Each structure stands twice: as C-alpha cells, then as structure tokens.
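Notes to accompany the following structure.
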Amino acid sequence: MAETQGKVITCRAAVAWGPKEPLVIQEICVDPPQEMEVRVKILYTSICHTDLGTWTGVNEAERAFPRILGHEAVGVVESVGEGVKDVKEGDYVIPTFNGECGECRVCKKEVSNLCERYKVDPMKRLMVSDGGTRFSTTTNKDGGSSQSQRIYHFLNTSTFTEYTVLDSACVVKIDPNAPLKQMSLLSCGVSTGVGAAWNTAKVKEGTTTAVFGLGSVGLAVAEGARARGASRIIGVDANASKFEKGKLMGVTDFINPKDLTKPVHERIRELTRGGVDYSFECTGNVDVLREAFLSTHAGWGSTVLVGIYATPRTLPLHPMELFDGRKITGSVFGGFKPKSQLPSFAQQCMKGVVKLEPFITNELPFEKINDAFQLLRDGKSLRCLLQIAKFLKK
Ligand code: NAD
Ligand code: ZN
Ligand code: ZN
C-alpha cells in the first residue's frame, strides 16, 4: 500500500491563473480520492489544442481560474477510493476526458460513447461526488503565505500536475509493457482523430477523404483513413510546414488555402470529380467547417466535425443545403467508449496498424510547459511531451 494513501499529497503543478497568463509551476495540495475516484501520478502529459483554447479563454463561459488544465497523459495509480474495482495501485493508466460508467442507458447501448454521467463537459470544474475540488493552493501565487484556495478541475482529467484525482469512469488501464510515451497520445488526439475516421465516418477502402487542419487530430484522421485503405486523402492546412508530416500519414494531396484564388471546396470538387466521400473539420473554425461540408459529394458526402468552436457562432449552413444529401455529424473522442474499446485500440497501435511515433515532435521537462504551449500556438509542434515523473517500472 502506498504510504501516501489516505493522505493529502503536496506536489508540483502548472496552474492557470487567468486567460493567457503564463502557467505557474507551484506547490499544490492534492486530496485523497473519494468514493469511486482514483489518484494518479502523472508520468507524461502533452498539450492539445483544447487546452490552448481554454487557456486563451476564447470561450468566456468556460473560464474558471485558478485551474489545472491538461487532458492528454499517461500515469500510474497511486491509490483508489472506496468502490473502485477495475484499477488498483501500481496500474498504468491513461486518463480520458470522456468517461464510461458502464451502467447508464448510453453506456449500455452501442450507438454512442457519451456516457450520461461522465461525458465530456467543458463547463465542469468540480468533482461529481461532493461538488468539491481535490486541488488547493499551499500558498498564493506570489509565494507569500495566504489562505489555501481551491483550484478547479478541467475536462474530467487535469493532467498538468504531478498528481491528479479523477472519477474512476475516466481512467483506462493499459498494458504495462506498452510504450508509455506513445500511450499518452491515446488519451485524446490520436484516439479522437483515428476514431472519427473509423467509428464516426466509418471510412471504407478505396474512398476519398479531405482533412481540414493537419494538427495531431487531423493527422490522426488521415492515419486512420490510410489504415482503412482510403485511396485519396487531401490535406488542407494554412501552415505548409504540416505537409511534410502529412505524407507519413498517407496524405496524398495538399492544399494551402492561401495559395488559392477560389474557395477550397471548389478545388477539392475539381480534384475528385464532384467532391470527396468524407471530410473532417479539425481546425475549430466555423468558416472552415462550411468549406469542409461543401467539399463532399452531393448525395452521399459525409462531414465529421471534430474541432471545438467558441460560442456564440452557429453552424454556417442554409437548411436547404441539406437537401443536396450531404450529411454532417459531430465526433467526441472519436466515438470510442474509453474503458471498453481503448485497450483493444491500444493493442492495434502496438501492432503498427496505426503509427504513433510521428505524433511526438518535441519533448521538454515539465518546467518548460509555457514553451510547449508556445510551440503549439506557433504551429511548430504536433505533440510536445512533458516528462513529469520518472518511470516507476518495477
Ligand atoms: P492543432 O493546433 O495542433 O492543429 C490545428 C491545425 O489547423 C493547425 O495545423 C493549423 O495550422 C490548422 N488551421 C487552423 N486554422 C486554419 C484555417 N483557417 N485553414 C486551414 N488550416 C487551419 O490542434 P489539434 O490539437 O490537432 O486539435 C484540432 C481541433 O480538434 C481543435 O479545435 C481541438 O480543440 C479539437 N479537438 C476535438 C476533440 C473532440 O473530441 N471532438 C478532441 C481533441 C481536440
Ligand atoms: Zn484534446
Ligand atoms: Zn455511462
């Protein structure tokens, strides 16, 4: 039994104190897990665009500070709360921002991964069981002594910390022999993208696909479509430096909207005799969503939206445009039910069905987390892995 079990742990975390303010690496207190919760020591974490969007505060309704962001990680269970049966101390796990309780009506059906109790909720900042937080400050951010202040949770996970507490529905056990750095990618970006291609669009062999936005999520869509035998994968990005990586993930054609004098969808229709079978919006820009929608073939084209959009903008479509027979649907966490489906997806990745290694473009120590944010903001990284703790393998 861990000697820390049942005790408050004091450790380091990167705390967001306000929109666009550099994260502060400081000591915090992490309470023990309550009933059906798990406390995890984070080994590696990386930054997804959703962390960036929350940190910059683009969506005012989601703002809550101080907060510990981060949702893509791998770690080891330090201790579990009462009632937790499927993971135990010492298990290697990945946190998932979209949980699976296994008992609600949605979890019992195959059609959706949006668990009624633990589905992703960007507004959520407190633990479900008692409406409290498990994080608090030890001192104020200037280092002076002050009353302890609570620190909010983020996306069911909060991984920019040495220790975090999650609902057990949001913790997935992985093979301890799996490459841990790569497994962290399954916590969000790669599962989201590959799953959007496999589970949401159900890409078929010999079909054509357009991917808008070639960050980790979009490139994972491309990799998923490649693995399913798509014959043509058109990558669209305003940053030409993403094209090199795209080639590795099966992207066959590249379009930089800045090079065109016509809308992107017109170019894609020209290249594909009327439009692609599937398109994926992975930038989080509603104008791009419209282009993605119009890029598919009338009659059967299917658009999957994956990007996250700030309110109050709404879908940029005229209802009559849906009479052309193009479909549009959203995909959260690639449609994967985390506990029941990720372990076998991880196995497939380990067999090389999906390549994980190219997604890790940078590695930095935890203290350099603000530099890692900057790399993603500047479009210079896919995933920058931050090492938080040393390997603990027995
Ligand atoms: P990223 O920043 O690494 O990649 C985004 C890419 O889009 C960049 O390469 C950028 O150059 C490109 N881009 C931005 N605006 C563009 C434009 N107008 N035209 C063409 N290209 C443009 O981000 P990421 O981590 O890959 O995440 C992508 C999106 O997916 C984000 O909106 C993120 O919040 C969202 N996301 C959704 C889910 C989900 O479950 N639905 C999960 C994870 C991430
Ligand atoms: Zn993410
Ligand atoms: Zn459920």
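Side notes on the structure shown:
- Residue in segment 120-130 that is in contact with a Ser or Thr (Cβ under 6 Å, 6 or more places away or on another chain) and either within 14 Å of VAL171 (Cβ to Cβ) or within 16 Å of ligand 1 (Cβ to nearest atom) (or both) present: no
- Residue that is nearest to ligand 3 (Cβ to nearest atom) [pool: residues in segment 371-388 that are of a type in the set (S, T, N, Q) and open to solvent by 50 Å² or more (accessible area, probe 1.4 Å)]: GLN387
- Only listed residue being without any contact (Cβ under 8 Å) to a residue 24 or more places away in the chain and either more than 16 Å from VAL190 (Cβ to Cβ) or surrounded by 14 or more Cβ atoms within 10 Å (Cβ to Cβ) (or both), chosen from PRO319, PRO358, PRO338: PRO319
- Subset tally (residues that are in a strand (DSSP E or B) and closer than 27 Å to PRO179 by Cα) for segment 55-101: 13
- Residue within segment 66-80 that is without any contact (Cβ under 8 Å) to a residue 60 or more places away in the chain and away from ligand 2 (no atom under 14 Å from the Cβ) present: no
- Selection status of LEU166, assigned to a strand (DSSP E or B) and either within 30 Å of GLN348 (Cβ to Cβ) or within 16 Å of ligand 2 (Cβ to nearest atom) (or both): yes
- Between SER136, SER148, the distinction of being out of contact with any helix residue (DSSP H, G or I) (no Cβ under 9 Å at 6 or more places or on another chain), more than 12 Å from ligand 3 (Cβ to nearest atom) and outside any loop (DSSP other than H, G, I, E, B) belongs to SER136 only.
- Condition check for SER129: open to solvent by 20 Å² or more (accessible area, probe 1.4 Å), in the same structural domain as SER381 (by the TED database) and in a strand (DSSP E or B): no
- Taking segment 141-190 as the range and being open to solvent by less than 50 Å² (accessible area, probe 1.4 Å), at positive phi and at pLDDT below 95 as the test, no residue passes.
- If you check GLU205, GLU266, GLU270, GLU223 for being acidic (Asp, Glu) and either modelled with pLDDT under 95 or crowded, with 21+ Cβ neighbours inside 10 Å (or both), only one passes: GLU223.
- Complete set of residues in segment 40-51 that are assigned to a helix (DSSP H, G or I) and either open to solvent by 10 Å² or more (accessible area, probe 1.4 Å) or more than 9 Å from ligand 1 (Cβ to nearest atom) (or both): HIS49, THR50
For every residue, the table says whether it meets (1) in contact with a helix residue (DSSP H, G or I) (Cβ under 9 Å, 6 or more places away or on another chain); (2) open to solvent by 60 Å² or more (accessible area, probe 1.4 Å); (3) of a type in the set (Ser, Thr, Tyr); (4) within 16 Å of ligand 1 (Cβ to nearest atom).
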{"site": "PHE243", "(1), (2), (3), (4)": "no, no, no, yes"}
{"site": "LYS247", "(1), (2), (3), (4)": "no, yes, no, yes"}
{"site": "VAL251", "(1), (2), (3), (4)": "yes, no, no, yes"}
{"site": "ASN256", "(1), (2), (3), (4)": "yes, no, no, yes"}
{"site": "LEU260", "(1), (2), (3), (4)": "yes, no, no, yes"}
{"site": "GLY275", "(1), (2), (3), (4)": "yes, no, no, no"}
{"site": "CYS282", "(1), (2), (3), (4)": "yes, no, no, yes"}
{"site": "LEU305", "(1), (2), (3), (4)": "yes, no, no, yes"}
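- Qualifying residue in segment 331-344 (condition: over 18 Å from GLY213 (Cα atoms), away from ligand 2 (no atom under 16 Å from the Cβ) and among the charged types (D, E, K, R)): yes
- Qualifying position, being free of Cβ contacts under 8 Å to residues at least 40 places away in the same chain and closer than 18 Å to VAL306 by Cα, among ALA210, ALA225, ALA220, ALA238: ALA238
- Filter result for ASN113 (within 16 Å of ligand 3 (Cβ to nearest atom) and farther than 25 Å from ILE28 by Cα): yes
- For THR200, the criteria (1) assigned by the TED database to the domain that holds VAL217; (2) within 16 Å of ligand 3 (Cβ to nearest atom); (3) of a type in the set (Val, Ile, Thr) hold in every case but one, which is (2).
- Residue in segment 105-122 that is within 15 Å of ligand 2 (Cβ to nearest atom) and free of Cβ contacts under 8 Å to residues at least 60 places away in the same chain present: yes
- Selection within segment 208-220 - within 15 Å of HIS71 (Cα to Cα) and open to solvent by less than 10 Å² (accessible area, probe 1.4 Å): SER216
- Filter result for the condition that a residue is open to solvent by less than 10 Å² (accessible area, probe 1.4 Å), closer than 23 Å to SER191 by Cα, more than 16 Å from ligand 1 (Cβ to nearest atom) and more than 18 Å from the chain's Cα centre (by Cα), over VAL87, VAL93, VAL74: VAL87
The values are calculated or read from the model by the stated rules, or taken from the named source; none is laboratory data. Predicted model only: the values in this text are computed from it and were never measured. Note: ideal-geometry Cβ built from the backbone for every residue, glycine included; neighbour counts use all protein chains shown. Surface accessibility is based on the protein's heavy atoms, side chains included, excluding ligands, DNA and RNA. Shrake-Rupley method; radii C 1.70, N 1.55, O 1.52, S 1.80 Å.
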